[in-house]
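A short worksheet on the structure shown next.
The values are calculated or read from the model by the stated rules, or taken from the named source; none is laboratory data. Note that the structure is a prediction, hence the values are computed from the model and not measured. Reconstructed Cβ throughout: ideal geometry from the backbone, glycine too, with neighbour counts over all protein chains shown. To get the accessible areas, we keep the full protein, side chains included, count just its heavy atoms, and leave off ligands, DNA and RNA. Shrake-Rupley method; radii C 1.70, N 1.55, O 1.52, S 1.80 Å.
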Protein chains: 2
Amino acid sequence: MFFATSSAWAKDDPPGTPASTNVSGADYPRVLPDRRVIFRVSAPDAHEIQFKLDKPYVAVRDANGAWTATTDPQFPGFHYYWMLVDNVPVNDPASETFFGYGRETSGIEIPEEGGDFSAPGDVPHGEIRERWYHAKTTGEWRRIFVYTPPGYDPDRSGRYPVLYLQHGRGENERGWSRQGRVSLIMDNLIADAKAKPMLIVMEHGYGHISGESAHWDYGQDLAVFTEVMLNDLIPMIDATYRTIPDREHRALAGLSMGGGQALEIGLGHLDAFAYIGTFSAGGFEGGPDDLRKMNNGVMADADAFNRRVHLLWLGVGTAEPPDLLSGVRQLHKVLGQAGINSIYYESPGTAHEWLTWRRCLHEFAPLLFAIR
Amino acid sequence: MFFATSSAWAKDDPPGTPASTNVSGADYPRVLPDRRVIFRVSAPDAHEIQFKLDKPYVAVRDANGAWTATTDPQFPGFHYYWMLVDNVPVNDPASETFFGYGRETSGIEIPEEGGDFSAPGDVPHGEIRERWYHAKTTGEWRRIFVYTPPGYDPDRSGRYPVLYLQHGRGENERGWSRQGRVSLIMDNLIADAKAKPMLIVMEHGYGHISGESAHWDYGQDLAVFTEVMLNDLIPMIDATYRTIPDREHRALAGLSMGGGQALEIGLGHLDAFAYIGTFSAGGFEGGPDDLRKMNNGVMADADAFNRRVHLLWLGVGTAEPPDLLSGVRQLHKVLGQAGINSIYYESPGTAHEWLTWRRCLHEFAPLLFAIR
C-alpha cells in the first residue's frame, strides 16, 4: 500500500485509477470518478464469478476468460469485499488483505473528498510498533501494536498518556493500524496541535485460554480479556514504555465489540481509566433508572461519576443498522436524563464500517487528557 | 498468529494440530506428526479443488461439499501455498496471508525439530516498528519496518549499528518480520549474547517512480532503489534512530533478489557499508580474472578489499535449484582463488524458501559488527 504524491496516466489507460489498496502493480480493481468500482479477474475455467462489495455483483466473462463487474457508486472510505468463485468466498488476488470476518479479506479504499485527515501528510510521523508479550492469564504469547507519537524517541525524558483502543469482532490487533489508519490520523492531529501526543495500544482483544476448546462465549471471553488487560497488558505497557501510569492518563475505547469491551471494562474499573469511548456500540433500551442500576450502580451518583470520569464519549454512523443507531441515541439521551455527562457524535452517511471509526477517532482523540 | 505455550487436545479431535499460521479458530489445515498436511475447505458448488503446496494435491469432495486433501510429508519451515478453485488460484480462507508472488498468499508453518531459534522464548523482546517516510527520489511515501533490539528504549544514550535487510522479488517489506521471524531470531541471539544488539531496517526494495509506467526492468529498478537507499532511506534512519552513522557500523544483506541488491549496492558503495551478506543469490560462472573486473574492479586489490570489507557472507540451501547452488559455491571458490575473504554457509536440506533465509540470518547476524 503506497500513497503516490503525484500520478499521470496515459490516454489509453482504462478509465479510473487502481485502488490504493491494490497490491503493487495491479491494474484492477479501479475506482471511477463517480466512485463506481470495476473489478476484474482472470478465471478461464470458472463457471460463475461474483464480487461481493455492498452487494453481490455478477461478473461477465470475455472470450479470454477474464471476468469483469462494475459496481454501483460506493460510499468513500474502506470497505471489505471478496470474490465468489463458483460460490466459494475467496480473496481477490489483486487486493491487499485485511483481517475481518475472522479471516484475511480483500479491501478497497474509495477516496474521500476532505478525507485528508487520514492521509499521510508532510508532518512528523510516529511509529506503529509490533511487540510480543506473555500473558499469564491465558498462557499465551500475544501480539500487540503500539502507536508512539512523533518525538517519543528524541524526547527521552517525556512521559505519555495511553489510549487502549480495541477492534471489532472478527478483526484483530492489526485492524486499527491498517483499516483504521490510526498512525496517520494521530500524526495529523498532533501536527495541528489538536490532540496531545499519546501512546495507543491495540491488543488482540479475545480471551481464549490456550488449550481450551475454541467454542466462543462472549461473557467468558470478556471476563478473560478483562483479566488480560488489567493484570498482564497494562502492567507490561507501564513497565516497557514511558507512560504516566495512573487512571488520569489512561483511556479505553473501541469499536463495535471493542466498544462494548470499553464500556464494560471501563465502567467496571474506574480505578484504571478516566476516559471511555465507544464507537458503534452501547445501544440501550431502558430509562434513567435502568442506567443507575447498571455496572454495579457506578452511575447511581451522577455528580460523583462526573467528577471521576473525565470523558464518556459515544459515536455512531447515521447509516448504521436502525436498532444500533437508535440504541446509541437512546443511551446518550438517558445519560443526560440521569445527569451523566457524555459527548455524542454522529458520522454523516456512514454505516458499520471503518470510515465511521476513523472519524470517531478523529473526533474523540482531541478530547483526551485535556483534564488533569 | 499466536504461539501457545501449552495445548491439550481431546481424544475425539481430528489427527494432528492446526497450523500456527491458521487464522484464529481454524481447525484446518492440520499438520500430522509425520509432517503431512491435511487441507480442508467447504465449497459445495465447486467442480474441482486443488491445494498447491510443494505440488498440486487434488482434493476429494464429501457429501456435504467439504473438500479434503492430504499431502506428502513436508520439509519443516514456512511454505507458501494456495488453493485452485476450478483452476482459479486463490487463498485458503483458513490461513493468514503473507506477501509473496506479488500478492497476498496463504502460508503454512511446519514445526522444525530444533527450530527454537525462531520461536518466541522467555527472553527480552525487541520491537518491529512500522514507519512511513517520503522518498524524494520516487516522489512516494514509502513504508519501512525497523527492528529495534531489547533495551533500545530504556538505554536512552546507547547508539546502535544498522543492518539493512532486503526481501526477495514478489515479496515486500513485511516479509522478514512475518515469514522471516526476524525479531524472534534476533531476540534469541541477543539474549544468548551471540549477536550484538543492532537495528534492522527492512525496506520495500522496489524502485518504481511514482506516476511512471509499471513495466518492470531489473536494472532500472535497481538503479532507482540504490538512489532511494543512499539518498533517502539511510539519511532518514540516521536522523531518526540512535544509530552509529558510519560504514563501520552499517551492513547490507538480502535474500534472492535482495541478495543481488546487497552485492550490487554494497560492492558499489563501500563508503556506506563494511558488511555484506547474500542469501540464495550471487551465483557466478567465471574465474578469478572475471571477478577482478566486476563492479568497477572493487575486488582487483584483494588485500585492500579485505581490509575495507569486514565481512562478505554467502549462504544457500542445499536443495536450491542446482544452477543457483553451484553458482554460489563457485562464487565462494573463486573469491578464495582471488584472495578475497568470504564466509560460506549451506543450509542442509532447504530449498529457495524461508527456512534457508531464517537460518542464514541466524548464522550471519552473529558475525556482524564484531570488527570495529
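Can you find a residue that is more than 21 Å from residue B:330 (Cβ to Cβ), of a type outside the set (A, V, I, L, M, F, W, C) and either at pLDDT below 95 or part of a helix (DSSP H, G or I) (or both) anywhere in region B:262-269?
yes
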Members of region B:44-59 found to be open to solvent by 50 Å² or more (accessible area, probe 1.4 Å) and farther than 25 Å from residue B:77 by Cα, listed by number: B:44, B:45, B:47, B:48
Residue A:309 vs. criteria open to solvent by 20 Å² or more (accessible area, probe 1.4 Å) and farther than 19 Å from residue A:351 by Cβ: no
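Each row is one residue, and each column tells you yes or no for (1) closer than 22 Å to residue B:297 by Cα; (2) surrounded by fewer than 21 Cβ atoms within 10 Å (Cβ to Cβ); (3) outside the structural domain of residue B:296 (by TED's automatic domain parsing).
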| site | (1), (2), (3) |
| --- | --- |
| B:238 | no, yes, no |
| B:241 | no, yes, no |
| B:247 | yes, yes, no |
| B:256 | no, no, no |
| B:273 | yes, no, no |
| B:279 | no, no, no |
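The rows are residues; the columns are (1) more than 8 Å from every other protein chain (Cβ to nearest Cβ); (2) open to solvent by less than 10 Å² (accessible area, probe 1.4 Å).
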site: B:125; (1), (2): no, no
site: B:128; (1), (2): no, yes
site: B:131; (1), (2): no, no
site: B:134; (1), (2): no, no
site: B:138; (1), (2): yes, yes
site: B:144; (1), (2): yes, yes
site: B:151; (1), (2): yes, no
site: B:165; (1), (2): yes, yes
site: B:170; (1), (2): yes, no
Flag if residue B:315 is modelled with pLDDT of 95 or more, open to solvent by less than 60 Å² (accessible area, probe 1.4 Å) and touching a strand residue (DSSP E or B) at 6+ places or on another chain (Cβ under 8 Å): yes
Cross-chain or 6+ apart pairs with Cβ under 6 Å, region A:225-251 first and of a type in the set (D, E, K, R) and at pLDDT 95 or above, then part of a strand (DSSP E or B) and buried (at least 21 other Cβ atoms within 10 Å of the Cβ): A:232/A:135; A:250/A:162
Residue within region B:217-234 that is within 14 Å of another protein chain (Cβ to nearest Cβ), surrounded by fewer than 18 Cβ atoms within 10 Å (Cβ to Cβ) and not hydrophobic (A, V, I, L, M, F, W, C) present: yes
Qualifying residue in region A:239-250 (condition: within 30 Å of residue A:112 (Cβ to Cβ) and within 14 Å of chain B (Cβ to nearest Cβ)): no
Helices (runs of 4 or more DSSP H) enclosed by region A:287-371 - at least 2 residues per element that are more than 23 Å from residue A:112 (Cα to Cα): A:288-297, A:302-308, A:322-337
Residues located in region A:287-306, provided they are aliphatic (A, V, I, L, M) and either in contact (Cβ under 8 Å) with a residue 24 or more places away in the chain or buried (at least 20 other Cβ atoms within 10 Å of the Cβ) (or both): A:291, A:294, A:298, A:299, A:302
Unmet criterion (only one of (1) more than 17 Å from the chain's Cα centre (by Cα); (2) open to solvent by 10 Å² or more (accessible area, probe 1.4 Å)) for residue A:117: (1)
Pair list, Cβ < 6 Å and 6+ apart or interchain, from region B:30-57 residues that are farther than 19 Å from residue A:45 by Cβ to residues that are charged (D, E, K, R): B:38/B:30
Any hit, region A:108-117, residues being within 14 Å of chain B (Cβ to nearest Cβ), out of contact with any strand residue (DSSP E or B) (no Cβ under 9 Å at 6 or more places or on another chain) and more than 20 Å from residue B:104 (Cβ to Cβ): yes
Hits in region A:60-85 (condition: open to solvent by less than 10 Å² (accessible area, probe 1.4 Å) and either within 14 Å of chain B (Cβ to nearest Cβ) or of a type in the set (Ser, Thr, Tyr) (or both)): A:65, A:71, A:81, A:83, A:85
So residue A:157, is it crowded, with 21+ Cβ neighbours inside 10 Å, within 10 Å of another protein chain (Cβ to nearest Cβ) and small (Gly, Ala, Ser): no
Of all residues making up region B:185-204, the number that are open to solvent by 10 Å² or more (accessible area, probe 1.4 Å) and within 14 Å of chain A (Cβ to nearest Cβ): 3
Check on residue B:80, modelled with pLDDT of 95 or more, closer than 24 Å to residue A:99 by Cα and of a type in the set (Ser, Thr, Tyr): yes
Options A:331, A:314: the member that is within 17 Å of the chain's Cα centre (by Cα), without any contact (Cβ under 8 Å) to a residue 60 or more places away in the chain and assigned by TED's automatic domain parsing to the domain that holds residue A:276: A:314
Residues being closer than 18 Å to residue A:92 by Cβ, outside any strand (DSSP E or B) and in contact with a Ser or Thr (Cβ under 8 Å, 6 or more places away or on another chain) - total across region B:51-92: 2
Residue within region A:100-107 that is surrounded by fewer than 23 Cβ atoms within 10 Å (Cβ to Cβ), more than 7 Å from chain B (Cβ to nearest Cβ) and modelled with pLDDT under 90 present: no
